[in-house]
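Participant: Mind having a look at this structure? Questions to follow.
Quick note: the coordinates plus some simple rules give every number you see, no bench work behind them. Nothing here was measured: the structure is a model prediction, and the numbers come from that model. When we count neighbours, we look across all protein chains shown, and the Cβ atoms used for this are built from the backbone with ideal geometry, even at glycine.
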Amino acid sequence: MLTVDEALQIVCERVEPLEPAKRYLLDAQGLLLAQSIVSPLNSPPFDKACMDGYAVRSSDFVGAKPVLKLKGEITAGHVSTLIVEAGETIRIMTGAPLPQGADAVVQHELTELNEADETVAFKIEDIRANLNVIGCGDIMREGDIVFVERTRLRPQELGVLAEMGFATLSVYPRPRVAVLATGDELVPVEETPGPGQIRNTNEIMLVEQIRQAGAIPVPLGIARDNREDLQSKIEVGLQHDMLILSGGVSAGKLDLVPSVLESLAVGEIFHRIQMKPGKPVWFGQRAPQDASSTKTVFGLPGNPVSSMVCFEIFVKTALRRMMGNEVANSVPEKVCAKLTEDHLHKGDRPTFWPVKFELVEGEARVKPLEWRGSSDLRGTMRADGMALFSKPDFVYKAGFVINYFPWK
Ligand code: AMP
Ligand code: MG
């Protein structure tokens, strides 16, 4: 059986970035650029006041706190035809272009306006040129390479792109991910379960995990545990970039998902990983057919925590790869943290255990929570992530430094 790290390496090798596509700036949050970008403009596009105050000539301030003649006013969004001559000043607001003749701005708080004779007295001397002025192109010059390919678009990057006038961009797009729950026992959330039935917990959970990963969820409802229903719904799922199934991958009589997938030409890459929860996880791909792209399929074990953990570890890694990330940025983030109390790890399967995370005087600490295993989704509600306990039959002592995987 593969280890988690071996399986992750396989996922990273097998899953490739989607074809770059044009997207609106408004839909590009969190995506990676698939192009580099050269600035078409200077920023700011003109010498700009960065304080409310008075536009002045620094030469009027040499060894003196001058009283200058007020000549007019400029506000942001307007260009003045007035020229500041020696002995003159113009009132200026933040964001307004510096008028001709002026080379500095003195902030409002250091001045006193005499309205009667329209003069301004300054309480400062020997100012430098460019005081409170951002020069044309100081922030960004036309021709600068401002973005390299694969830059992640956070709010500030989107703002810079907007400033440069890029309303659409070439990005690694959001994968469309179909979610199919399987099981004869499942009913939709709106329905009351009959004898032996339960509601479909996993669909909404996986849909939200997909959304958090930056991809587009496409819920397909429930497939029953028979070949015909599985086959027809899996075929619909395979029209998306990725298909995630929950349930039907263990060793039960009606765990038909792997064989139905094989019958639809989705080749198994791995099945079963040395981990808990999530051991029966299935991963496979279908080669491109016609003009379509490679389809990636995960069969997650149906127990809700197994589904959730396998998504966090394997599916998110695959989605990050599809969205253009290098391998190093695709594998799950882990943090070293100290155990706050003893924890007995039974058995020999590496176990992801729900923990509460805290920072105490700069030190990362995790507290293992009460949890009853892969069907205990409620037990994960107080958790911030999971700690990995991998030493077989071992008592981890408080203070032991362990790998912590945050859920985000
Ligand atoms: P399976 O992996 O199909 O053997 O299912 C394992 C366990 O998870 C069983 O107890 C199922 O009833 C439960 N289960 C499967 N799918 C779901 C689901 N979508 N929502 C909640 N529980 C599920
Ligand atoms: Mg089942």
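Participant: Please report the equivalent ellipsoid semi-axes of the chain, computed as sqrt(5 x eigenvalue) of the Cα gyration tensor, largest first, in whole Å. Walk me through the intermediate numbers first.
Facilitator: On the way: eigenvalues 739, 141, 67 Å².
Over the Cα atoms of the chain, the ellipsoid semi-axes are 61, 27, 18 Å.
Participant: Shape of segment 217-357 from its Cα gyration tensor (a ≥ b ≥ c, root eigenvalues): rounded if a/c is under 1.5, otherwise prolate when a/b > b/c, or oblate?
Facilitator: Details: a/c = 2.43, a/b = 1.49, b/c = 1.63.
Oblate shape, in that a/c is at least 1.5 and b/c is the bigger or equal ratio.
Participant: Still on this structure: In a shell of Cβ-Cβ distance under 13 Å around residue 37, excluding residue 37 itself, what net charge do Lys and Arg (+1) and Asp and Glu (-1) give?
Facilitator: -4
Participant: Taking the number of other C-beta atoms within 10 Å as the exposure measure, put 83, 92, 273 in order starting with the fewest.
Facilitator: 83, 273, 92
Participant: While we're here: Where the only charges are on Cβ atoms (+1 Lys, Arg; -1 Asp, Glu), what is the dipole of the chain about its Cα centre, to the nearest 20 debye?
Facilitator: Once rounded to the nearest 20, the dipole reads 1420 debye.
Participant: In the chain, what % of DSSP beta bridges are antiparallel (nearest 5)?
Facilitator: On the way: 57 of 84 bridges.
Of the beta bridges lying entirely in the chain, close to 70 percent run antiparallel.
Participant: Filter 22/233; 276/367; 338/391; 253/279; 279/397 down to the pairs with a C-alpha to C-alpha distance above 21 Å, please.
Facilitator: Long pairs (Cα-Cα over 21 Å): 22/233; 279/397.
Participant: Same structure, new question: For the chain, set up a Gaussian network in which alpha carbons nearer than 10 Å are linked by springs, and say which option among 22, 356, 123 fluctuates the most.
Facilitator: Of the options given, 123 has the highest mean-square fluctuation.
Participant: Follow-up question, since we're still on this one. Counting only Cα atoms, I'd like the Rg/Rh figure for segment 264-314, Kirkwood definition for Rh.
Facilitator: 1.06
Participant: Suppose every Lys and Arg Cβ carries +1 and every Asp and Glu Cβ carries -1, with no other charges. What dipole size does segment 325-408 come out with about its Cα centre, to the nearest 20 debye?
Facilitator: Details: 13 positive and 12 negative charges, 41 e Å.
My answer is approximately 200 debye.
Participant: Determine the calculated [θ] at 222 nm for the chain from helices alone, applying -39500 (n - 2.57) to every DSSP H run no shorter than 4 residues and normalising by the residue count; nearest 500 deg cm²/dmol.
Facilitator: My calculation for the chain gives -4500 deg cm²/dmol from helical runs alone.
Participant: Just report the Cα centroid separation between segment 293-357 and segment 88-150, whole Å.
Facilitator: Using only Cα atoms, the two centres lie 53 Å from each other.
Participant: Along the Cα→Cβ direction, 7 angstrom out, place labels at residue 229 and residue 79. What is the inter-label distance in nm?
Facilitator: A separation of 7.0 nm, rounded to one decimal place.
Participant: In the neighborhood of residue 329, defined by Cβ-to-Cβ distances under 12 Å, what is the net charge if each Lys or Arg adds +1 and each Asp or Glu adds -1?
Facilitator: Details: positive: 150, 152, 316, 320, 321; negative: 326, 333.
Combined, the nearby Lys, Arg, Asp and Glu give +3.
Participant: Quick one: grab the alpha carbon gyration tensor of segment 200-299, order the square roots of its eigenvalues as a ≥ b ≥ c, and give me rounded if a/c is under 1.5, else prolate or oblate depending on whether a/b is larger than b/c.
Facilitator: Rounded shape, in that the Cα axes give a/c under 1.5.
Participant: May I pose another question? Calculated FRET efficiency, residue 86 and residue 21, Cβ-Cβ r, R0 51 Å, to nearest 0.05?
Facilitator: In this case the efficiency is close to 0.30.
Participant: Okay, moving on. Of all the Cα-Cα pairs you can form in segment 1-88, what percent are over 17 Å apart?
Facilitator: Numbers: 2831 of 3828 pairs.
Looking at segment 1-88, the distances longer than 17 Å represent 74 percent of pairs.
Participant: Output ³J(HN,Hα) for segment 174-179: one whole-Hz value per residue in order, computed from phi by the Karplus curve 6.51 cos²θ - 1.76 cosθ + 1.60 with θ = phi - 60°, and x for Gly and Pro.
Facilitator: 6, x, 8, 10, 7, 10
Participant: Moving on. Gain in length, residue 167 to residue 185, computed as 0.36 nm per residue apart minus the alpha-carbon separation, to one decimal in nm?
Facilitator: Extending this stretch completely gives an extra 1.7 nm.
Participant: Any idea which of 99, 246, 315 is furthest toward the positive side of the dipole for the chain, if Lys and Arg beta-carbons carry +1 and Asp and Glu beta-carbons -1?
Facilitator: Value: 246.
Participant: When the Karplus curve 6.51 cos²θ - 1.76 cosθ + 1.60 is applied with θ = phi - 60°, which whole-Hz ³J(HN,Hα) does each residue of segment 239-245 get, with x for Gly and Pro?
Facilitator: 7, 9, 5, 9, 10, 10, 9
Participant: What distance in nm separates the two pseudo spin-label positions at residue 50 and residue 138, each 7 Å out from Cα along the beta-carbon direction?
Facilitator: Taking the two extended label points, one gets 0.5 nm.
Participant: Another question, then. Report the Cα centroid-to-centroid distance between segment 360-392 and segment 1-53 in angstrom, as an integer.
Facilitator: The two parts, judged by their Cα centres, are 32 Å apart.
Participant: Of 302, 379, 72, which is the most mobile in a GNM of the chain whose springs link Cα atoms less than 10 angstrom apart?
Facilitator: Fluctuation is largest for 72.
Participant: So, in nm, how far is label residue 108 from label residue 208 when the simple model puts each one 7 Å beyond its Cα toward the Cβ?
Facilitator: Taking the simple label geometry, residue 108 and residue 208 are separated by 4.6 nm.
Participant: Who wins for biggest fluctuation among 114, 226, 132 in a Gaussian network model of the chain, springs between alpha carbons below 10 Å?
Facilitator: 114
Participant: Reachable lysines from residue 71, Cα under 20 Å, same-chain residues fewer than 8 places away excluded?
Facilitator: Result set, ordered by chain and number: 48, 123.
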